[in-house]
Each structure stands twice: as C-alpha cells, then as structure tokens.
Amino acid sequence: MTTVTDLNQPTLQPAAPKGRRLTLSVLLLIIAGGLALTSIVRIITGADGITNVSQMSTALQLAVPIGLAGLGGLWAERAGVVNIGLEGMMILGTWFGAWAGYQWGPWTGVLVGIIGGCVGGLLHAIVTITFNVNHIVSGVAINILALGATRYLAPLAFEGVTGGTAKQSPPVESLGNFTVPGLSDGLADLNDKGWFFVSDIAGLLGGLVTNVSWLTLIAVALIPATWWILWRTSFGLRLRSCGENPVAAESLGVNVYKYKYVAVIISGGLAGLGGVFLSIVANPFYLEGQVSGRGYIGLAAMIFGNWMPGGLAIGAGLFGYTDSLNLRGGAANVHALLLLGAILLVIGAIWLVVKKKYVPAVITLAVGALVFTWYSLTDEVPNQVVSATPYVITLLVLALSAQRLRMPKADGMPYRRGQGK
C-alpha cells in the first residue's frame, strides 16, 4: 500500500486493489451488450414489457431507496464502520418523514425524515466508535429499536387522525413530478415500434424522463456528488484513510473519531432519505413494514458495486428492475428473463473455459441447461418465484462478484484513539 505523506493533498489516496479495473468505455460496452441480449430475448419471447417505458420508470422508482441505502452504507464503510443498521434507519426515515409531511408539507417531511435517519446513525456511531461495540451487533440492535419505536409511535400519532390508522399515516401531499416535454413522447413512440436495440434504449431513456419525482433527481445527483467528495477532496481522503488505516491517519493529525462520526451520521441521513422516498414518493403515506428489507438489499448493492458509487448505482438499478417485475406483468416477464439467464450462463461458461477454469465452466453450463429447460417446458412462472426474484438476484450477483471485491482494509475493525503509540 502506498504511504500517505500529506493528507492535505486530495490527489493522494489509498492504493487501489491489484488487478484490472473496469474503464468507463468497457463498462458502457458491457451495458450495451446486456441491453442487446435483452432485446434479442424480448423479440424471441414477445415479452415487450421487459424494456418498455413504464417498466423502466417503475424500476427507477424502486431503485432509488435501495441506492440511497447503499450510498449510506458506502459512507460509513469507507470510514471503517460497518452499518447493518441501514434497515432501521430507513424505517425511522419512513415514519418521521410521513409524520412531519402530512402536518407541515412534504418538503418538511423530507427534512425531518433525514434527521430521523441521522439520529439512528448517531446512535450507531456512539455505540460502535465511542464504546467499541461490535458493529454487527449494534446494527441489528438499531434495526430492532427502530422497528419497535415506530410500532409504538404509529398508533399514538396516527390513530384517530383523518386518514390514519394504527399502522398507517394520513396521506402526504405530493412533491411533484416532471416530464421532459416532447422527448418523453418521442421516446415512448420509438419504444412502441419494437425495433431491435433502438426501442429498448428508448424505453430505458424514456423511463428517466417520464413522471420523475424531484426527489429522484436529488437522489441521482447524490451519486456523482459522493464520488467527488470522497475521491476528489481532502475531506474525502481523510475520511477514507480512517477506513484503510486509522492508526496511520491519526499519526498524520487526522481526528479519526470525528471523521467516523460524520460518516456514520451522513450514512444514517442517506438511509433516512431512502425511507422518506418510500413514505412520500413511492407511497404517499407511512405503512408499517413498507421498507421490506430494502436496507439489506442496499447493503448488497454497495458490496456488488465494490464500495464505489458507480458500481452501487448499477447494483441498485439491477435490484430495482427485478423488484419492478412484481408490479408489471411479473409472471410473463420473469419467464422471458429465464431465457436471458440461460444465455448469460452459457456465456459465463465460455468465459470460464477461456480462463481455463474447467470445473466451474461445466457447473455453469449445467445450470444454464437447467434454466433453459425450465423456460422451454413452461409458459410462465409461479407468482412466488416472481416475488422472490429480487432476493435471488441479490444472492446470485453477490456470489458471482465475490472474487473481485475489495473492502476498506480497516472496515469493521475496533479502533481506540492513540492505539498506535
């Protein structure tokens, strides 16, 4: 690892993991290839819904809270604190956002929801940083505490209020949506043509410019903002040094406790914002249980993205897309994606043969044959499979990407001020 000699220089940073890194051009080529394969599957199966504008718009809406949770996890773990408590911080965001939103307006709800998530982050920081409690234990405790607190508070705050029940808040006013005039209709018309590749790109882009919430725009902007802050500023360098080697950072004058606290509180605020999205944008009310494990999936998206904002965004998009299949033509669309999965497995087997990994190649090819057989012998998949698809995809992508991952070196490790002396 390269020795950091001056933390005031934002261009210096901890050494990157060894191995070939994906460039932007290669990444775009991979995305284009995946979209082309999806287009072929759409034409073969006739499942036009897998890339239409409505599907992509729904996928974007479902990806945002997952991405915000993952972004929160990235901030905490880059500073060396594992944040399993993202689920609980999202729950706090949903409750506080809706509670303030129906009384004082949706933007006030956004602010209060973020503060609610920050409170969860602060509790996690106190327990893990000051008292040095195991990060996993603390995170699980935060999740349980948030769930119990909101279940206790919801009847007190919402029951007896017009539109509210013991498990649901009164409705919150909309933050408003925007559609790009002309471009949205043009892309929708092009998507309806059913042309190879072109119509699929039109569907993807159409989902990004049609009935998009202003909060979605803010969430998307936070991805490059996080990258710039953490990788292009001296503040970001100091914060990341706390997650790589806090003893060395302290020896260079960095207040490690302060940076860890700031990172974990920001982490909670981002997760809280993801919860706000669920209770104000995705649904205009708080509903008990509406987070439904998205904090954990956000953590999985962060790991899939190798603790980088861009990779995290791709992971959140993938999980959001599979989750959207529950809402729009799920059984038919998931059945069509079985063919896509079989093709990808065959390509993966060929790649493993090229890498001279023959046993994994045979196993991958066998699994691909089983998936293709499933596709060939059925017309649709059971609804239970549709509901489980996002979680199955989560497990698969983590299993397949595990060998290339590189977490911050001091992530989750106990640290005491002055321990390097």
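What about ILE266, is it at pLDDT 95 or above, under 21 Å from the mean Cα position of the chain (by Cα) and part of a helix (DSSP H, G or I)? Judged against the criteria, ILE266 is a match.
Among the residues of segment 71-86, those that are within 17 Å of the chain's Cα centre (by Cα) and either more than 19 Å from VAL262 (Cβ to Cβ) or crowded, with 24+ Cβ neighbours inside 10 Å (or both) comprise LEU71, GLY72, GLY73, LEU74, TRP75, ALA76, GLU77, ARG78, ASN83, ILE84, GLY85, LEU86. Just one of the numbered conditions (1) charged (D, E, K, R); (2) more than 30 Å from LEU35 (Cα to Cα); (3) in a helix (DSSP H, G or I); (4) open to solvent by 60 Å² or more (accessible area, probe 1.4 Å) is not true of ARG238: (4).
Screening ALA202 on (1) at pLDDT 95 or above; (2) in contact with a helix residue (DSSP H, G or I) (Cβ under 6 Å, 6 or more places away or on another chain) shows it passes everything except condition (1).
Quick one: would you say VAL110 is under 30 Å from LEU339 (Cα atoms), under 20 Å from the mean Cα position of the chain (by Cα) and either of a type in the set (D, E, K, R) or part of a helix (DSSP H, G or I) (or both)? Answer is no for this residue. You will find that of TYR391, TYR415, the residue that is in a loop (DSSP other than H, G, I, E, B) and of a type in the set (Ser, Thr, Tyr) is TYR415 and no other.
Checked against the criteria, ILE280 counts as open to solvent by less than 20 Å² (accessible area, probe 1.4 Å), at pLDDT 95 or above and over 17 Å from ASN52 (Cα atoms). Each residue in segment 343-388 was checked for being surrounded by fewer than 13 Cβ atoms within 10 Å (Cβ to Cβ), in contact (Cβ under 8 Å) with a residue 40 or more places away in the chain and among the polar types (S, T, N, Q), and 2 of them qualify. Looking only at segment 338-351, decide whether some residue is under 26 Å from GLN61 (Cα atoms), not hydrophobic (A, V, I, L, M, F, W, C) and not in a helix (DSSP H, G or I). No, that holds for no residue.
If I ask for residues that are open to solvent by 40 Å² or more (accessible area, probe 1.4 Å) and in contact (Cβ under 8 Å) with a residue 40 or more places away in the chain, which ones from segment 87-117 would you list?
Just the residues of segment 87-117 that are open to solvent by 40 Å² or more (accessible area, probe 1.4 Å), to begin with: 96, 99, 102-104, 107-108, 111, 114-115.
Scanning segment 87-117 gives PHE96, TRP99, TYR102, TRP107, ILE114, ILE115.
The values are calculated or read from the model by the stated rules, or taken from the named source; none is laboratory data. Computed from a prediction, not measured in an experiment: that's the story for all the values here. Neighbour counts are summed over all protein chains in view; Cβ atoms, including those assigned to glycine, are modelled from backbone coordinates with ideal geometry. The accessibility values were calculated without ligands, DNA or RNA, using every heavy atom of the protein model including side chains. Shrake-Rupley method; radii C 1.70, N 1.55, O 1.52, S 1.80 Å.
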